[in-house]
Amino acid sequence: MGRRGLLGAAAAAAAATVGLGCAPEATAARADLPAGAARGPSAAGPRPLYLGTYTSVSGGGKGVALATYEPATGAITSTGVVTGVADPSFVALGPSAATLYAVNERSPGTVTAIALHGGTGGAPKVLGTRPTGGDGPCHLSVHPSGRYLLSANYDSGSVAVHPIGQDGKLGARTALVRHSSPAPGPGQDGAHAHEILTSPDGRFVIAVDLGNDTVYTYRLDEAAGTLKQVSYAALRPGAGPRSLTFHPGGKFAYVANELDNTVVVCGYNATTGKLSPGAPQSTGTGSVKSYPAQLLVSADGAFAYLANRGHNSITRYAVESAGATLRLLDTVPVGGDFPRHIALDPTGRLLFAANQNSNTVTVLNVDPATGKLTSAGRPFAAPGAVCVLPAP
């Protein structure tokens, strides 16, 4: 089954009539502000915000949605949409932030490059699309060198590498690795690569596979653009690892397990690239089947946040012992239905959530001292939104 139909995603709430697929002048309602707060634009001015969407579902998006947000308030304003990009369910920026890359979560799968100011009058321009060699790509990231795009094919359980030219365009695929071992986990029909990213030191590429309960470590040959597996870490059978994020200290990583509703702290050996999983920990959602999704860690390494789709909440953890321990603090309502993806803005004071089934983006204020989350205002209507990316 494709992921658009997974977990009831196709049974989303009625499509919103105002949002990022509308004309560029369409504007969200201002976020509710605390008494005494400034209501004009912040000194930094509005910042770009990009939304990955599903275009092939009823009431879905029209492509990659474009918006801006106010850093002081979190208020979001639509600025248009990049059309001609099919099911761009995950997006990532290149190092210069001049090029945006999107998966096309279809079969066969492809990835697309978009020059954000490459068209007439500085409008976005689609630079081209390349096949990933697999089906249902759901995640991608840009290698820190800026020379390669890494992508994960969920439906076919493989990961791919494409070179990036100086103009931001994608070259022909240089690597495709299928996850054939270990065997799939309980109830799984095969491997399902869900995420691919680079370790903080830039030495290794990490791939998370939900289907066979495994996190793989690869070394990228930067001359050839190929991947060589150097180790793998097995999670407990049936865990369903979905998302991994590193602590800023570089010695620990945290894994969200979609199927058994847990998180796991992993030790990370920067010399070998090996991950060592610890014991499963609670998401704080009780008996609710929560389908944990995205994990984030604050830039100072003090707090971690987990999106719980079934529970419609965000779990807050205190990060202790220099990253070795997560201590559950609380869960708070996200303000939407099925938070598929979350992201912190560059200041770390705003947390954005793309809520798949309510077709909204919600914004939460983050207290930098305590990590506490509070609503920043009314949801922003965003048809088909499943990924949210504030610009750096």
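Sort 228-234, 98-104 for me by packing, meaning the mean count of neighbouring Cβ atoms within 10 Å per residue, highest on top. Don't jump to the answer; show the numbers that get you there.
On the way: 228-234: 16.3, 98-104: 24.9.
Highest to lowest by the protection proxy: 98-104, 228-234.
What value in Å³ per residue do you get for the convex hull of the alpha-carbon atoms in the chain? Spell out each step's value before the answer.
Numbers: hull volume 50.0 nm³, N = 392.
So the per-residue Cα hull volume is 128 Å³.
Which of the peptides 378-388, 82-92 is most tightly packed, and how do the rest follow, going by the mean number of other Cβ atoms within 10 Å of each residue?
Highest-to-lowest ranking by the protection proxy: 378-388, 82-92.
Please calculate how many Å² of accessible area region 175-242 carries per residue, with a 1.4 Å probe and no DNA, RNA or ligand atoms counted.
Values: 2650 Å² over 68 residues.
Roughly 39 Å² per residue, with all protein chains present.
What number comes out for accessible area per residue over region 41-157 if the probe is 1.4 Å? Units Å², please. All intermediate terms of the calculation are to be shown ahead of the outcome.
On the way: 3910 Å² over 117 residues.
Each residue of region 41-157 exposes 33 Å² on average to a 1.4 Å probe.
For the chain, what relative contact order do you get, as a whole percent, if you take Cα pairs closer than 8 Å and at least 6 residues apart? Intermediate results must be reported in sequence, preceding the final value.
Working: 1201 pairs, mean separation 52.2, N = 392.
Relative contact order of the chain: 13 percent.
At a 1.4 Å probe radius, carbon and sulfur cover how many percent of the accessible area of region 48-161? Intermediate values should be presented prior to the final figure.
Values: 1770 of 3430 Å².
Here it works out to 52 percent.
Connecting C-alpha atoms closer than 10 Å in a GNM of the chain, tell me which of GLY45, GLY211, GLY59 has the biggest fluctuation.
GLY45
Show which lysines lie in cross-link reach of LYS169 when reach means a straight Cα distance below 18 angstrom and same-chain residues fewer than eight apart are skipped.
In chain and number order, the partners are LYS125.
Which of these, GLY119, GLY348, GLY136, has the largest mean-square fluctuation under a Gaussian network model of the chain (Cα springs below 10 Å)?
Fluctuation is largest for GLY119.
Can you tell me the order of 127-135, 146-154 when each peptide is scored by its average per-residue count of other Cβ atoms within 10 angstrom, highest first?
Descending mean neighbour count gives 146-154, 127-135.
Using only alpha-carbon positions, what ratio does the radius of gyration of region 219-364 give when scaled by 2.2 N^0.38 Å?
Working: Rg = 15.7 Å, N = 146, 2.2 N^0.38 = 14.6 Å.
The value comes to 1.07.
Over region 260-369, average the accessible area per residue using a 1.4 Å probe and give it in Å², no decimals. Intermediate values should be presented prior to the final figure.
Details: 3720 Å² over 110 residues.
Solvent-accessible surface per residue comes out at 34 Å².
Two decimals, Cα atoms only, Kirkwood Rh: what is Rg/Rh over region 295-392? Each step should come with its number before you reach the end.
Details: Rg = 12.7 Å, Rh = 13.3 Å.
Here Rg/Rh amounts to 0.96.
Quick one: with all protein chains in place, what share of the accessible area of region 257-372 is carbon or sulfur, to the nearest percent (1.4 Å probe)?
54
The values are calculated or read from the model by the stated rules, or taken from the named source; none is laboratory data. Here the structure is a predicted model, which is why all the values come from computation and not from measurement. When we count neighbours, we look across all protein chains shown, and the Cβ atoms used for this are built from the backbone with ideal geometry, even at glycine. Areas reflect the complete protein model, heavy atoms only, side chains present, ligands, DNA and RNA absent. Shrake-Rupley method; radii C 1.70, N 1.55, O 1.52, S 1.80 Å.
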